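Novice: My questions will all concern the structure given below.
The values are calculated or read from the model by the stated rules, or taken from the named source; none is laboratory data. No experiment lies behind these values; they were computed from the predicted model shown. Neighbour counts are summed over all protein chains in view; Cβ atoms, including those assigned to glycine, are modelled from backbone coordinates with ideal geometry. What goes into the accessible areas is simple: the full protein's heavy atoms, side chains included, and nothing from ligands, DNA or RNA. Shrake-Rupley method; radii C 1.70, N 1.55, O 1.52, S 1.80 Å.
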Amino acid sequence: MKRIQLLLAKVKEKKLDGLLLVRNEKIMKENVKYISGFTGSTAYLVITPEKRVLLTDDRYVDQAKEECPGFEIIRHERPYTKTLSKILQELNVIKLGYEVNGVTMDIYKIINESLAEVELIETENLVESLRAIKEAGEIKVIKHAARIAGEAFEYILDYFKPGVSEKDLALEFEFNMRKRGADNLAFDLILVSGCRTTHQHGTPSEKKLNKGDFVVMDFGALYQGYCCDITRTFVIGKATAKQKHVYNTVKKAQQLALDLLKAGAKSQDVCKKSRMLIEDAGYGDYTGYGLGHGVGLEIHEEPYLRANSELILKSGHVVTVEPGIYIPGWGGVRIEDTIVIEENGCRILTPLSKELIEI
């Protein structure tokens, strides 16, 4: 109910009579779940000061009644716009907000043509701005997801040996993480080795590990609907002097950012200072300008740590901190943790060691 009241305050600021949130097979954003608790694949939420209504089809009516206290659950007719139109007339909604990035063009066209009596008004980031500040319960769940993922990572390290394929390691990792309580992967596992470590979003391949390879693992668990995000880089065998230098440069850049991140800090300042450390070490051509992203119900959500952002960080922001160096033809390094911003600093939710591991 607190979330709904905060959202209604934003609706009032926009001088809207109500807000429409959509979730279906084409739009799988998590805003409907965040506001109502509904976990099914099809729902149309109408939020007004007087009433909260969730329209869904016959597959989800009983489920919605269990998951969504405080909402009137209505099984919609086909097409759903017939029922939606009736509800809006009953609630005397004339100015209806909709999420500009929460509907496809065809959904917008259908709604616009079916609700001739309603003025559709674009909104953006009303719910996302609420989701960006995590509640204590959300942080607790993300931390638990991180514990599951971290334990699975420590387990899988024993399997990293020359001759083992990236794909086999990925399968073993996913299986073990699920055994430890993960509901799913938070995102498709990134596990790349050797020269493939420059593939920042590379998928596991048939490539077999070789002595001297860097390995980059970017992974996360999904637990009770919430994600975590962790990256660790390590070496098969003994690290060379260059591997150690690149790795330690990334580690120092991340630690600098962690030392600067707190409520009131400016995203652009933190990003620029972290990047400057990498530039000063001679790797400016091999790094990016972004530093991280929000994590929660989705693996990438508000807020984003970018060098061109005007973002001022607030307590409760949960973000990743993930500087990297990627040298074509040689390899790459990334170190990433999920953290929560607090008044006087930040707290790491993914407390795995960051010492360079040599396997």
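Novice: Contact list please: Cβ distance under 7 Å, first residue in segment 312-331 and more than 13 Å from His300 (Cα to Cα) and basic (Lys, Arg), second residue assigned to a strand (DSSP E or B) and open to solvent by 40 Å² or more (accessible area, probe 1.4 Å), pairs at least six apart or on different chains.
Specialist: These pairs meet every condition: Lys314/Ile133.
Novice: While we're on this one: Does segment 140-160 include one or more residues that are more than 22 Å from Asn31 (Cα to Cα) and either hydroxyl-bearing (Ser, Thr, Tyr) or in a strand (DSSP E or B) (or both)?
Specialist: yes
Novice: While we're here: Identify the single condition in (1) in contact with a Gly (Cβ under 8 Å, 6 or more places away or on another chain); (2) open to solvent by 10 Å² or more (accessible area, probe 1.4 Å) that Gly331 does not satisfy, given that it satisfies every other one.
Specialist: (2)
Novice: Could you list, in sequence order, all residues of segment 70-104 that are among the hydrophobic types (A, V, I, L, M, F, W, C) and in a helix (DSSP H, G or I)? I'd like the intermediate steps shown before the answer.
Specialist: Filtering segment 70-104 down to residues among the hydrophobic types (A, V, I, L, M, F, W, C) leaves 71, 73-74, 84, 87-88, 91, 93-94, 96, 100, 103.
If the condition is that a residue be among the hydrophobic types (A, V, I, L, M, F, W, C) and in a helix (DSSP H, G or I), then Leu84, Ile87, Leu88 are the ones that fit.
Novice: Under 6 Å between Cβ atoms, which residue pairs at least 6 apart in sequence (or on different chains) link something in segment 246-266 that is within 18 Å of Val340 (Cβ to Cβ) with a partner that is among the acidic types (Asp, Glu) and open to solvent by 60 Å² or more (accessible area, probe 1.4 Å)?
Specialist: Close Cβ pairs (under 6 Å, with a partner that is among the acidic types (Asp, Glu) and open to solvent by 60 Å² or more (accessible area, probe 1.4 Å)) amount to Ala263/Glu343.
Table: residues versus (1) open to solvent by 20 Å² or more (accessible area, probe 1.4 Å); (2) not aliphatic (A, V, I, L, M).
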| position | (1), (2) |
| --- | --- |
| Phe173 | no, yes |
| Ala182 | no, no |
| Leu191 | no, no |
| Thr197 | no, yes |
| Ser205 | yes, yes |
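Novice: Right, something else. Could you please find all residues in segment 334-358 being part of a loop (DSSP other than H, G, I, E, B) and either out of contact with any strand residue (DSSP E or B) (no Cβ under 9 Å at 6 or more places or on another chain) or open to solvent by 70 Å² or more (accessible area, probe 1.4 Å) (or both)?
Specialist: The answer is Glu343, Asn344, Pro351, Ser353, Glu355.
Novice: If we scan segment 281-298, do we find a residue that is touching a residue at least 40 places away in the same chain (Cβ under 8 Å) and in contact with a Lys or Arg (Cβ under 7 Å, 6 or more places away or on another chain)?
Specialist: Scanning segment 281-298 turns up at least one residue that is touching a residue at least 40 places away in the same chain (Cβ under 8 Å) and in contact with a Lys or Arg (Cβ under 7 Å, 6 or more places away or on another chain).
Novice: Could you please tell me which pairs satisfy a Cβ distance under 6 Å, a separation of 6+ or placement on different chains, a first residue in segment 117-144 that is more than 19 Å from Val46 (Cβ to Cβ), and a second residue that is surrounded by fewer than 18 Cβ atoms within 10 Å (Cβ to Cβ) and of a type outside the set (D, E, K, R)?
Specialist: Cβ pairs passing all conditions: Ile133/Gly316; Lys134/Gly316; Val141/Gln224.
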